[in-house]
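Chemist: I'd like to ask you about the structure that follows.
The values are calculated or read from the model by the stated rules, or taken from the named source; none is laboratory data. Given the structure is predicted, the values throughout are model-derived calculations rather than measurements. A quick note on method: Cβ atoms are made from the backbone with ideal geometry, for glycine too, and the neighbour counts reach across all protein chains shown.
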Amino acid sequence: MNIGIIVYSQTGNTLSVAERVEKALGEAGHTVRIERVEAEGEGPEVRITSAPDVTPYDAVIFASPIQAFSLAAATKKYLSGISDLSGKKVYCFVTQHLKKDWMGGNRAIKQIRAACRKKGADIISNGIVHWSSDLREKQIDVVVGLFRAI
Ligand SMILES: Cc1cc2nc3c(=O)[nH]c(=O)nc-3n(C[C@H](O)[C@H](O)[C@H](O)COP(=O)(O)O)c2cc1C
């Protein structure tokens, strides 16, 4: 399967998880590509400077950090502008500093879910990694495991 991992990452955490997912999916025989969302500015003023195209992919994994207890504004803006996702398998994961899902992660997953639904796809599965948690490595393993069934 041709899989795109579409990542927004400011400080590299989300990207590092995406690279682990890429490696696992590549080892499972898939064609995998990481593409970066790039942005300038903050909050409602954010401007997307690089918006990966989802059309080539059979499966798409969206990945983003949490910012201000919410989906990063850049990811939100990017998702509002993507083309149709109908017929694609769509997944997502987010990373956040704080240790509880309710400190941004749950809300962000809902936001990604709603954005993808508007584009014709339901998220098949999702994951959250808590960067400050002692369980971080285990959480990353769980995220990598989410995509084994692709
Ligand atoms: C502006 C800003 C706001 C943030 N807000 C939150 C937050 O509300 N909850 C949280 O758990 N982490 C928050 N974080 C931490 C990031 O979500 C976390 O460090 C994430 O792993 C960064 O991913 P990245 O390295 O891919 O950018 C925030 C970080 C930044 C820069």
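Chemist: Just one of Leu79, Leu85 is in a loop (DSSP other than H, G, I, E, B) and either in contact (Cβ under 8 Å) with a residue 12 or more places away in the chain or among the aliphatic types (A, V, I, L, M) (or both); which is it?
Modeler: Going through Leu79, Leu85 in turn, just one is in a loop (DSSP other than H, G, I, E, B) and either in contact (Cβ under 8 Å) with a residue 12 or more places away in the chain or among the aliphatic types (A, V, I, L, M) (or both): Leu85.
Chemist: Here's another thing I want to ask about it. Given the criterion of a type outside the set (Gly, Ala, Ser), within 16 Å of Arg33 (Cα to Cα), surrounded by 21 or more Cβ atoms within 10 Å (Cβ to Cβ) and within 13 Å of the chain's Cα centre (by Cα), identify the matching residue among Val90, Val94.
Modeler: Exactly one residue qualifies, and that residue is Val90.
Chemist: Please list, ordered by first then second residue, the pairs with beta carbon atoms under 6 Å, 6 or more apart or interchain, first in the stretch 8-23 and in contact (Cβ under 8 Å) with a residue 12 or more places away in the chain, second near the ligand (Cβ under 8 Å from one of its atoms) and in a helix (DSSP H, G or I).
Modeler: Here the result reads Ser9/Leu15, each pair linking the stretch 8-23 to a residue that is near the ligand (Cβ under 8 Å from one of its atoms) and in a helix (DSSP H, G or I).
Chemist: For the stretch 34-70, how many residues meet the condition of being of a type in the set (A, V, I, L, M, F, W, C), near the ligand (Cβ under 10 Å from one of its atoms) and in a strand (DSSP E or B)?
Modeler: 2
Chemist: I'd like to verify a number: residues in the stretch 97-144 that are within 16 Å of the ligand (Cβ to nearest atom) and in a loop (DSSP other than H, G, I, E, B), how many?
Modeler: So the count comes out to 13.
Chemist: Are any of the residues in the stretch 7-22 of a type outside the set (Lys, Arg), modelled with pLDDT of 95 or more, touching a Leu at 6+ places or on another chain (Cβ under 7 Å) and part of a strand (DSSP E or B)?
Modeler: Yes - at least one qualifying residue is present in the stretch 7-22.
Chemist: Here's a follow-up. So the check is Cβ under 6 Å with 6+ separation or different chains; which pairs have a first residue in the stretch 95-121 that's farther than 19 Å from Ser132 by Cβ and a second one that's within 11 Å of the ligand (Cβ to nearest atom) and outside any helix (DSSP H, G or I)?
Modeler: Going by the 6 Å Cβ cut-off, the qualifying pairs are Gln111/Leu71.
Chemist: What number of residues in the stretch 124-150 are in contact with a Gly (Cβ under 7 Å, 6 or more places away or on another chain) and surrounded by fewer than 20 Cβ atoms within 10 Å (Cβ to Cβ)?
Modeler: To start, the set of residues in the stretch 124-150 that are in contact with a Gly (Cβ under 7 Å, 6 or more places away or on another chain) comprises 128, 142-143, 146.
Still in the running and surrounded by fewer than 20 Cβ atoms within 10 Å (Cβ to Cβ): 142, 146.
The total comes to 2.
Chemist: Could you grab the pairs with beta carbons closer than 7 Å, sequence gap of 6+ or different chains, first residue in the stretch 25-40 and farther than 10 Å from Tyr8 by Cβ, second one modelled with pLDDT of 95 or more and basic (Lys, Arg)?
Modeler: Short answer, once both residue conditions are applied: Glu40/Arg47.
Chemist: Kindly provide the set of residues from the stretch 98-123 that are over 16 Å from Ser64 (Cα atoms) and surrounded by 16 or more Cβ atoms within 10 Å (Cβ to Cβ), ordered by number.
Modeler: Once the filter is applied, which keeps residues that are over 16 Å from Ser64 (Cα atoms) and surrounded by 16 or more Cβ atoms within 10 Å (Cβ to Cβ), the stretch 98-123 yields Lys119, Ala121.
Chemist: Here is a further query. For Arg136, only one of the following conditions fails: (1) under 16 Å from Ala18 (Cβ atoms); (2) in contact (Cβ under 8 Å) with a residue 12 or more places away in the chain. What is its number?
Modeler: The number of the failed condition is (2).
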